[in-house]
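Take a look at the structure set out below.
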Amino acid sequence: MATQLFEGKEHASYYQKFRFEPTQEIIDLIFSYVDERKPYGFAVDVGCGTGQNTKILSQYVKKVLGIDISEAQIEEAKKASGSPNVTYSVSPAEEMPVGDASVDLLTACASAHWFNIEKFLKEVDRVLKPGGCLAIFIYFADMEVHYKDRSEQMTEVFAEVMNILVPYQHEKFNNMKTAYKEIYEAIPYPDKRRIENIRTKIQMPLSSLMGLFLTFPAFQIYLKTEPEKAKEVLRTAEERFLRIMGTSSTETEVEVWLQNLVLLASKPQ
């Protein structure tokens, strides 16, 4: 069964507000692979959270189902959904509510490290049509924060907060530390690709960067364990960011640089 760390309604609301969509570079990379195989009918977005990736997929396929083990996340996804070809369901990654050989494209965006990989990949093989595609992608936590000529200082503050959260990270986080190597090796299909070191950039106000911390399960655990210390960490980080930037407004934009990884595979015909 997938690990459940995104259950709270407040956490889900932070996730909806502050987690960003996959960048166009990542989507283009996935569909350049998919284009060779043309599975544009039915997509399932596994571990969809509040639907950031699900909504993007709806622009490319006829029908998309987003599933997540967290009822709170699915509730937030449904609130935000405006696409008529999108539906959501509470479901674990290892037991998808779809028929055998019924799925053209299956995606997992920033979620596969929480799954029971052996059971998940067996379920992938059950639900994918012959020739159907699997796309697993992730951005890593070691982000760079850029602002004018002060990027090194900004990134240092971000890294310090992330280091404070290390003791509160779930063991499943190790899949990210190994860059999904074990997940890639476990994919049973001969037609598979691993694309590393994809750098993408996202503009956001500092307030959204601060909100991003609230979406991390490790921070939520820290907040429950030592609430005053956790709040002080964020207050101090925000003050340092503003001082480095020379501004008093948290709506001042910064540029966040992400390192991404994409795993692609196609079930044999």
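Restricting attention to the stretch 28-53, the residues that are β-branched (Val, Ile, Thr) and at pLDDT 95 or above add up to 2. For the stretch 226-245, the condition holds for no residue, the condition being that it is outside any helix (DSSP H, G or I) and either closer than 24 Å to residue 52 by Cα or of a type in the set (Ser, Thr, Tyr) (or both). Of all residues in the stretch 66-80, those satisfying the criterion of being without any contact (Cβ under 8 Å) to a residue 60 or more places away in the chain and either within 17 Å of the chain's Cα centre (by Cα) or open to solvent by less than 40 Å² (accessible area, probe 1.4 Å) (or both) are 66, 67, 74. Give the residues of the stretch 205-225 that are open to solvent by 10 Å² or more (accessible area, probe 1.4 Å) and in contact with a strand residue (DSSP E or B) (Cβ under 8 Å, 6 or more places away or on another chain), sorted by residue number. The one that is open to solvent by 10 Å² or more (accessible area, probe 1.4 Å) and in contact with a strand residue (DSSP E or B) (Cβ under 8 Å, 6 or more places away or on another chain): 205. So which residues in the stretch 234-269 are more than 29 Å from residue 113 (Cα to Cα), among the small types (Gly, Ala, Ser) and touching a Leu at 6+ places or on another chain (Cβ under 7 Å), if there are any at all? Within the stretch 234-269, just 248 meets the criteria. Checking the structure you have, find out if any residue of the stretch 100-112 is of a type in the set (Asp, Glu), touching a Ser or Thr at 6+ places or on another chain (Cβ under 7 Å) and open to solvent by 30 Å² or more (accessible area, probe 1.4 Å). No, there is no match, as no residue in the stretch 100-112 is of a type in the set (Asp, Glu), touching a Ser or Thr at 6+ places or on another chain (Cβ under 7 Å) and open to solvent by 30 Å² or more (accessible area, probe 1.4 Å). Filtered by the rule that a residue be open to solvent by 70 Å² or more (accessible area, probe 1.4 Å) and in contact (Cβ under 8 Å) with a residue 12 or more places away in the chain, the stretch 183-193 gives 188, 190, 193.
The values are calculated or read from the model by the stated rules, or taken from the named source; none is laboratory data. In this text, all values refer to a predicted model and were calculated from it rather than measured experimentally. Here Cβ is always computed from backbone atoms with ideal geometry, including for glycine, and neighbour counts include all displayed protein chains. For the accessible areas, the whole protein counts, side chains as well, though only heavy atoms, and no ligand, DNA or RNA atoms are used. Shrake-Rupley method; radii C 1.70, N 1.55, O 1.52, S 1.80 Å.
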